[in-house]
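**Q** I'd like to ask you about the structure that follows.
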Amino acid sequence: MTQHDQLTFQNPVDRYAQISPPKQDQPEPGFDEEIVPKADHGEESYRGTGRLEGRKALITGADSGIGAAVAIAFAREGADVALNYLPVEEEDAQHIIEVIRETGRKVIALPGDVRDQEFCSQLVEDAARELGGLDALVNNAGKQEISEDLTELSDEQMRSTYETNVYAMFRITKAALKHLPAGSTIVNTSSIQAYNPNPMLIDYASTKSAMNNFSKGMGQQLAPKGIRVNAVAPGPIWTPIQPSDGQPKEKLPHFGQNTPLGRAGQPAEVAPAFVFLTSPESSYVVGETLHVNGGTPTP
Ligand code: NAD
Ligand code: MG
């Protein structure tokens, strides 16, 4: 694992080693605690530069993977953070909370299931009360489960994928609006799947397209109020979503190797895109999708 921080001049090809994850399986949601090899969330590698000083952020799916890296980066940049995740993910969450406590920033744990409509409003109210306001939202919680054939895609899975990835984003964003002052930002985690759908991820890929589209529509709706909405579209990033039925087992050993950079990305490499879109420095960037995918061309 690299000890260089993200601001050190380095070759992106080997900033991180090419990984070849062994076949492994976990029930959903997967745990960072159990993935092989371990991922980098920036614990040792993310250096803050004061870009989110005094901000108050709610991040969903923040116990592991990309959300955990975003939480660490936001705190190192000076933000207080409220972390949402599923109650069964407490152990992963505690690891990230400990790392954030070392920054001296406030960190609030708000576990719960974002598929629950009432919980979505409760989550926003709790975050705003505990943080003393809210000016940054990251809709990142996501469900990704392969299904080889549409005839085998259960209604239950389709509904769960849409409730987690799309409905929760609508509901949490809607609930957040009354708290967000001008200058606030919303960043949604879309995916390269929004453009290049894997035929085994029909439900998931279509939710990511919806998230991308929502970001561009809401970007226009909220711009006059001084609230910026953008999206980040990661490519193959090594997180627990992949070995918990996010990929066929036999594909894991090659995960991310077909990108121009020739390797999977690490969560810590995605976090700076969220920092940029949340920081005031991106003041003229609205409705944009920032691709963090190792070089695969996208429209
Ligand atoms: P991850 O498993 O670490 O994170 C997903 C998180 O979503 C879980 O930790 C969990 O806390 C949360 N979640 C799932 N269902 C939930 C529910 N019902 N209620 C509350 N929280 C729930 O994996 P990740 O890859 O870091 O995923 C984060 C986001 O990134 C997802 O939206 C995913 O679609 C997106 N993404 C990931 C990749 C990738 O290659 N890993 C690529 C593109 C997009
Ligand atoms: Mg998790």
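**Q** Going by a ≥ b ≥ c, the root eigenvalues of the Cα gyration tensor, does the stretch 21-93 fall in the rounded group (a/c under 1.5), the prolate group (a/b larger than b/c) or the oblate group?
**A** It comes out oblate by the Cα gyration axes.
**Q** Using a 10 Å cut-off on Cβ atoms, rank the peptides 189-197, 124-132 from the highest mean neighbour count down.
**A** Descending packing order for the listed peptides: 189-197, 124-132.
**Q** Output wanted: per-residue J couplings in Hz (rounded whole) for the stretch 39-54, from phi through Karplus 6.51 cos²θ - 1.76 cosθ + 1.60, θ = phi - 60°, x for Gly and Pro.
**A** Per-residue couplings from phi come out as 9, 9, 9, x, 3, 9, 10, 8, 10, x, 9, x, 7, 10, 3, x Hz.
**Q** I would also like to ask the following. Distance from the Cα centre of the stretch 81-128 to that of the stretch 202-255, in angstrom?
**A** The stretch 81-128 and the stretch 202-255 have Cα centres separated by 20 Å.
**Q** While we're looking at this one, here's another question. Calculate how many DSSP beta bridges within the stretch 34-292 are antiparallel, expressed in % of all such bridges and rounded to the nearest 5. Please list the in-between numbers first.
**A** Numbers: 0 of 24 bridges.
Antiparallel bridges make up about 0 percent of those DSSP assigns within the stretch 34-292.
**Q** So how do 248-260, 28-40, 266-278 stack up, highest first, on mean other-Cβ count within 10 Å?
**A** In decreasing order of mean packing, 248-260, 28-40, 266-278 become 266-278, 28-40, 248-260.
**Q** A further question on this structure: Using the heavy atoms of the protein chains alone and a 1.4 angstrom probe, what is the accessible area of the stretch 34-292 per residue in square angstrom?
**A** On the way: 10080 Å² over 259 residues.
Here the per-residue accessible area is 39 Å².
**Q** Between the stretch 148-198 and the stretch 29-79, how far is it from one alpha carbon centroid to the other, in angstrom?
**A** Comparing the Cα centres of the stretch 148-198 and the stretch 29-79, I get a distance of 20 Å.
**Q** Here's another thing I want to ask about it. Enumerate the calculated ³J(HN,Hα) couplings along the stretch 95-112 in order (Karplus 6.51 cos²θ - 1.76 cosθ + 1.60, θ = phi - 60°), each rounded to whole Hz, writing x wherever the residue is Gly or Pro.
**A** Values, residue by residue: 4, 5, 4, 4, 4, 5, 4, 5, 7, x, 7, 6, 9, 10, 9, 10, x, x Hz.
**Q** Carbon-plus-sulfur fraction of the accessible area of the chain, 1.4 Å probe, in percent?
**A** Details: 6680 of 12730 Å².
Roughly 52 percent, rounded to a whole number.
**Q** Next up: In whole Hz and in residue order, list the ³J(HN,Hα) couplings for the stretch 75-84 that follow from phi through the Karplus curve 6.51 cos²θ - 1.76 cosθ + 1.60, θ = phi - 60°; x for Gly and Pro.
**A** Result, ordered by residue: 5, 5, 8, x, 8, 8, 10, 10, 10, 9 Hz.
**Q** I need the shape label for the stretch 11-52. Rule: rounded when a/c is under 1.5, else prolate if a/b > b/c, else oblate, with a, b, c from the alpha carbon gyration tensor.
**A** Oblate is the answer for the stretch 11-52, as a/c is 1.5 or above yet b/c matches or exceeds a/b.
**Q** On to the next question. What's the tally of Lys pairs in the chain whose alpha-carbon atoms lie under 21 angstrom apart, where the two lysines are 8 or more places apart or on different chains?
**A** 22
**Q** By the gyration tensor of its Cα atoms, with a ≥ b ≥ c the square roots of the eigenvalues, what is the shape of the chain: rounded for a/c under 1.5, prolate for a/b over b/c, or oblate?
**A** Rounded, because the longest to shortest axis ratio a/c is under 1.5.
The values are calculated or read from the model by the stated rules, or taken from the named source; none is laboratory data. Being a predicted model, the structure only gives us computed values, none of them experimental. Positions of Cβ are generated from backbone atoms using ideal geometry, with glycine treated the same way; all protein chains shown enter the neighbour counts. The protein model used for the area step is the full one, side chains on, heavy atoms only, and it has no ligands, DNA or RNA in it. Shrake-Rupley method; radii C 1.70, N 1.55, O 1.52, S 1.80 Å.
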